[in-house]
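Scroll down for the structure; my scribbles are underneath it.
Rule-based calculations on the coordinates, nothing more; no lab input. Worth saying up front: this structure is predicted, and the values here are computed from it rather than measured. Glycine also receives a Cβ, built like all others from the backbone with ideal geometry; neighbour counts cover every protein chain displayed.
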Amino acid sequence: MRPFLLLVTLAAMVQSARAATPGPLSGTWQLTNVQGFGSGRVSPGTAYLVVSGGAVQGRFGCGTFAGSAQAAENRVRLDVRPLTPAPGDRCPFAIPEAFLGALNASEQYVMSEGAGQLVLFSKAARLTFERPGGSGDGR
């Protein structure tokens, strides 16, 4: 009986982990388009997002951020915060709070069929990311 309970518990944990961040969402994403929250202040290509399991990290210019990611059935929840630069780092470029706010406000996502493009939606913004190099499978 115990092996059966262990197997059921492990299966539930695997399903939970899969629901946290689906495979196609995992990988490296480069910002290519911004709509909303003052689009002109964010240049495409200046931001990267790396999703792995339930964690997300990235950079905007030379500033970095990290946090958690949950996604299932085209719903997404990100909770990211800027990271403090290491002593001696010279990064005069601060991550715009509006960008982090747009990531954290994301409620839905859509991916292209080949998983080469990711669009995060909130009530105020739409952020479009692509896999670097345009590859649909590059992780």
Original post:
Going by average Cβ neighbours within 10 Å, how do the peptides 58-70, 105-117 rank, with the highest at the top?
Top reply: 58-70, 105-117
Subject >> Computed over the range 21-133, the ratio Rg/Rh where both radii use C-alpha atoms and Rh is Kirkwood >> reply: 0.94
Original post:
Just the Cα atoms of the range 51-104, one point each, no solvent: what log10 I(q)/I(0) does Debye give at q = 0.19, 0.28 Å⁻¹?
Top reply: -0.66, -1.12
